[in-house]
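These notes are about the structure you will find just below.
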Amino acid sequence: MIPNSCRKRQRPPHHHTSAIVEAFPHRTISESSQKLPRTSFSFNDPSTADVILCFFIDRSPFDASNPSDSARHSDLQIYLHSRVISRAKYFSTLLSDRWQHQANNHNAGHDSRTIANCNNMFHLTLGVHDDPTVHLTVLQLLYTYDFPTVIASASTALEILPVALELLFEDCVKACVKFLEAVPWSVEEEKRVLSLIPLLREEESKELLARVSPGEDGFCEEMLHGLIEKAMYSQPNMAFVKVFVAKLLREFSSRESARRVLERAFDANLRIVKESLEQYSSPDFRGDHETEAIQRLHLHTAMTNGRHLLWLVERMVELKVADSAVKQWSEQAAFTVDLQKAFGDDAWRNIVPGLPAVMLRCTCKLASAVAAGTILSSRQVRMKLVKDWLPVLISCKDNVSPMLPSHKTLYLELEETFLRIISTLPMSDAQVLLQQCLSFSTRNVEDCPHLITAFNTWFRRASQPPQMENLD
């Protein structure tokens, strides 16, 4: 078991970790290992070992607490077997004939008793940056190969993997990577995986990279668009899914990506609603009893996508990315004419009685954002928004009956919003539009203070002396 105190290790440069063959002048690895049957090897067994491995703490030379060279070696030494540890390419290289020859030259000037004492053993030293517990675990795995028992969590795999890379223990590296590929990670574990990926070969890191790296540009936007499509068209519990997707959109890191995805969905749904109402209002269909089923289909299509359109408008206004939607909504002269034609019929009352309210709620959401300054629109956009959609509001008030309390509240809110926008326009434009707002009045003058305020404001401004000479 690996203690939590062990720090994450990166694969160190060669000069950070040393393993020195101190003396083996007359024997090679093949000779020593042949005399030790594989089945008899046990970890840290001095009676059969032909390798002594000593650990030392390899501190930075700039560390103020760095001890003298004589104190760098720890008291921990492990008895190992050359045949077993040669499964790690690091040790295999150190115990090769070439390295033994270099070690012999290195030790030529040593005291003869030292050479004699080392005559039957390979003496290695291995530097570690801190507690050698993880190194010991990896060395034990050289003997047991019991990877599933030891590597039982992502944190354990992440502790073992840097040491396995350091010792070039390929089987252990593969076992760690395979485990990490198959299990979930915490946020911190994912950061550690990302730090280790550069140390892996391409074929080893392929699956890990696939989990954390997008395969192409626009990956996030495609995911968001797919979620919006699912929320609107493919889920039986649509309301709950829409709430969830709305939360994802609010918390998404890139507002511009969210804007592009919402605009894409808005364009598609607006086009469907427009085409459905255009087909319904077409002279080819009106009055023909044989096309009643087709008319129903067009109205249902307009209603369904109208609801989706309202949800999209709410999201765009909430995220303050409705600039394009406002501009498009102000350019729907033909669409608003088709709506007025449709609401002038009686067919919609029994088929889609909620269609007028849906269209007006879309208008109200966008217009309210403009009036509040949430969306900054040009004078032309503000004027066209009121000019084209004001007749739709008047048509709904004249044709939708009985008027439900919720409808009355909606009409009043949209009336007030339109009047506020009109107050931002030049007086000549405001004069034309205000005259169309007379239908806002009721038998009781006290019931329409918003209309009285709007006209009083216009007349107050009109009564002001000209200010043009003050601009010179």
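Which one is modelled with the highest pLDDT, of the residues in segment 230-243 that are surrounded by fewer than 14 Cβ atoms within 10 Å (Cβ to Cβ) and closer than 16 Å to V313 by Cα? Filtering first and then ranking leaves V243.
Using the structure shown, decide if A293 is out of contact with any Gly (no Cβ under 9 Å at 6 or more places or on another chain), buried (at least 22 other Cβ atoms within 10 Å of the Cβ) and hydrophobic (A, V, I, L, M, F, W, C).
In short, no.
Results for (1) farther than 30 Å from L194 by Cβ; (2) at pLDDT 90 or above, shown as yes or no for each residue.
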residue	(1), (2)
K247	no, yes
S257	no, yes
P283	yes, no
H300	yes, yes
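Flag: E159 does not match the condition of being assigned to a helix (DSSP H, G or I), farther than 21 Å from H129 by Cα, in contact with a helix residue (DSSP H, G or I) (Cβ under 8 Å, 6 or more places away or on another chain) and charged (D, E, K, R).
Assess whether L339 counts as being surrounded by 15 or more Cβ atoms within 10 Å (Cβ to Cβ) and out of contact with any helix residue (DSSP H, G or I) (no Cβ under 6 Å at 6 or more places or on another chain). Show your work before the answer.
Details: surrounded by 15 or more Cβ atoms within 10 Å (Cβ to Cβ): yes; out of contact with any helix residue (DSSP H, G or I) (no Cβ under 6 Å at 6 or more places or on another chain): no.
In short, no.
Looking across segment 137-156 at every residue that is aliphatic (A, V, I, L, M) and in a helix (DSSP H, G or I), the one that is nearest to A182 (Cα to Cα) is identified as A154. Count of segment 219-254 residues, restricted to those that are part of a loop (DSSP other than H, G, I, E, B) and more than 30 Å from T301 (Cα to Cα), is 3. Considering segment 246-280, and only residues there that are of a type in the set (S, T, Y) and surrounded by fewer than 21 Cβ atoms within 10 Å (Cβ to Cβ), the residue that is farthest from A322 (Cα to Cα) turns out to be S253.
Taken together, the residues in segment 106-127 that are more than 21 Å from D171 (Cβ to Cβ) and at pLDDT 55 or above amount to 6.
Scanning segment 120-136 turns up no residue that is touching a helix residue (DSSP H, G or I) at 6+ places or on another chain (Cβ under 7 Å), part of a loop (DSSP other than H, G, I, E, B), open to solvent by less than 40 Å² (accessible area, probe 1.4 Å) and of a type in the set (A, V, I, L, M, F, W, C).
I375 falls short on exactly one of the conditions (1) within 30 Å of E263 (Cβ to Cβ); (2) assigned to a helix (DSSP H, G or I); (3) open to solvent by less than 10 Å² (accessible area, probe 1.4 Å), and that condition is (2).
Residues of segment 394-436 being among the small types (G, A, S) and touching a residue at least 40 places away in the same chain (Cβ under 8 Å), which ones? Spell out how you get there, then give the answer.
So the first thing to find is which residues in segment 394-436 are among the small types (G, A, S), and the list is 395, 401, 406, 423, 428, 430.
Across segment 394-436, the qualifying residues are S395, S406.
Only residues that are more than 14 Å from A322 (Cα to Cα) and hydrophobic (A, V, I, L, M, F, W, C) were counted across segment 347-384, and they come to 10. Taking the listed residues E181, E204, E166, the one that is crowded, with 18+ Cβ neighbours inside 10 Å, closer than 23 Å to R87 by Cβ and free of Cβ contacts under 8 Å to residues at least 40 places away in the same chain is E204, with no other qualifying.
Quick grid of which residues meet (1) at pLDDT 90 or above; (2) under 18 Å from A164 (Cα atoms):
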site	(1), (2)
V193	yes, yes
P198	yes, yes
E207	yes, no
V212	no, no
H225	yes, no
I228	yes, no
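Filter segment 184-201 down to the residues that are in contact (Cβ under 8 Å) with a residue 60 or more places away in the chain and open to solvent by less than 20 Å² (accessible area, probe 1.4 Å) and list them by number.
Answer for segment 184-201, where residues must be in contact (Cβ under 8 Å) with a residue 60 or more places away in the chain and open to solvent by less than 20 Å² (accessible area, probe 1.4 Å): just L196.
Looking at A175, A152, just one residue is over 23 Å from V51 (Cα atoms) and open to solvent by 50 Å² or more (accessible area, probe 1.4 Å), and that residue is A152.
The values are calculated or read from the model by the stated rules, or taken from the named source; none is laboratory data. It should be emphasised that the depicted structure is a prediction, and the values quoted were computed from it without experimental measurement. With ideal geometry, Cβ positions are generated from the backbone for all residues, glycine too; neighbour counts draw on all protein chains shown. Calculation scope for accessible area: heavy atoms of the full protein, side chains included, ligands and nucleic acids excluded. Shrake-Rupley method; radii C 1.70, N 1.55, O 1.52, S 1.80 Å.
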